[in-house]
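The values are calculated or read from the model by the stated rules, or taken from the named source; none is laboratory data. Since the model is a prediction, treat every value here as computed from it, not as a measurement. When we count neighbours, we look across all protein chains shown, and the Cβ atoms used for this are built from the backbone with ideal geometry, even at glycine.
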Amino acid sequence: MSKFGWSLPPGVTRLPGEEDYPCATCGKSAESACDCPECPVCGEVGNTYCYEKGHLHYTKAQLTGQAQLRIIELRERIDDEMQYLQWLDDQPEDYRQ
């Protein structure tokens with residue numbers, strides 16, 4: 001156990017629930033690399049609502065980041081489907097029917 005009161009397995013640096021989710025506007029890490037401008041109307045940073053309502057306009061970098069997020073999501077879905085198909089292939093014939 002560490003001096004903080006918990007110990008994490010080797011290779012784990014964060015507790016569950018502490019994941020660093022990407023910014024929905026630019027696709028970068030919301031905590032460290034997000035450089036979205038502050039909305040002049042509501043004062044929020046990285047809120048897609050501000051862009052949808054026309055308070056701000058997307059930059060090319062933000063649109064590229066959003067496209068990369070969609071690509072990552074699609075790759076994860078493909079991997080999940082491939083794992084399912086592999087699992088299905090490993091099942092007995094009578095199970096597949």
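The table for this structure:
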{"quantity": "Selection count, the stretch 32-56, where residues are exposed (fewer than 10 other Cβ atoms within 10 Å of the Cβ) and at pLDDT below 85", "calculated": "1"}
{"quantity": "Test: residue in the stretch 64-76 that is over 13 Å from the mean Cα position of the chain (by Cα) and at pLDDT 90 or above", "calculated": "yes"}
{"quantity": "Residue that is nearest to Cys34 (Cα to Cα) [pool: residues in the stretch 77-97 that are aliphatic (A, V, I, L, M) and at pLDDT below 95]", "calculated": "Leu85"}
{"quantity": "Some residue of the stretch 4-22 being surrounded by 13 or more Cβ atoms within 10 Å (Cβ to Cβ), modelled with pLDDT of 70 or more and touching a helix residue (DSSP H, G or I) at 6+ places or on another chain (Cβ under 9 Å)", "calculated": "yes"}
